[in-house]
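Written out below as structure tokens is the structure these notes cover.
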Amino acid sequence: QVGEQRDLNSVWTKIKKTDVFGVETPHSNDGGHVKNSLLWSDDVKNNNTLTVVSKRLDDFKERTQPKLGEVHDPIKDSMNIYADHTFGVMIKPDEYGAGDLIHHREAN
């Protein structure tokens, strides 16, 4: 409980030495009272409060949100490759093709 113990070398007949003096202060462990004290009452009434956003989140939203008048291309940054780039593994073609395998043709 809130308060401090008093030890004035008194006779403790009416009050136990382990009792605590004072009134418990209302508080909030999640910081709600601190949040309310940092807001101006006029701003809260007019809904002019600022929202705090991290730079990392702001940069991400700016990069990924579609912009007015532009085509939305979410993977634009990852597509910085050469025009003649080929995806996948380059394998040297062998003597059999797909048509040969489907129609059971012999090799030439």
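The values are calculated or read from the model by the stated rules, or taken from the named source; none is laboratory data. All values reported here derive from a predicted model rather than from experimental measurement. Cβ placement follows ideal geometry from the backbone for every residue including glycine, while neighbour counts extend to all protein chains displayed. Calculation scope for accessible area: heavy atoms of the full protein, side chains included, ligands and nucleic acids excluded. Shrake-Rupley method; radii C 1.70, N 1.55, O 1.52, S 1.80 Å.
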Quick check for you: with a 1.4 Å probe and neighbouring chains kept, what is the accessible area per residue of the range 53-108, in Å²? 108 Å²
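Working out 0.36 nm times the residue gap between VAL52 and ARG105, then minus their Cα-Cα distance, what length gain in nm do you get to one decimal? Present the calculation step by step, with values, prior to reporting the outcome.
Numbers: separation 53, 0.36 × 53 = 19.08 nm, distance 6.93 nm.
Gain in length upon complete extension: 12.2 nm.
Subtracting the Cα-Cα distance from 0.36 nm times the residue separation, let me have the gained length for LEU38 to MET79 in nm, one decimal. Could you put the intermediate results ahead of the total?
Values: separation 41, 0.36 × 41 = 14.76 nm, distance 4.50 nm.
Gain in length upon complete extension: 10.3 nm.
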If R0 = 25 Å, then PHE87 and GLN65, at their Cβ-Cβ distance, give a FRET efficiency to the nearest 0.05 of 0.35
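Count the net charge of all other residues whose Cβ sits under 12 Å from the Cβ of GLU106, scoring Lys and Arg as +1 and Asp and Glu as -1.
On the way: positive: ARG105; negative: GLU95, ASP100.
Local charge sum for GLU106: -1.
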Surrounding net charge for LYS55, when Lys and Arg each add one and Asp and Glu each subtract one, Cβ distance under 12 Å: -1
Integer Hz, Karplus 6.51/-1.76/1.60 couplings in order for the range 78-86, x for Gly and Pro: 8, 9, 7, 10, 6, 5, 9, 6, 10
Please work out the ratio of the alpha-carbon Rg of the range 16-108 to 2.2 N^0.38 Å and round it to two decimals. 2.70
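Sort THR25, THR51, THR64 by heavy-atom solvent-accessible area, probe 1.4 angstrom, most to least. Please list the in-between numbers first.
Working: THR25 90, THR51 120, THR64 45 Å².
The residues order as THR51, THR25, THR64, largest area first.
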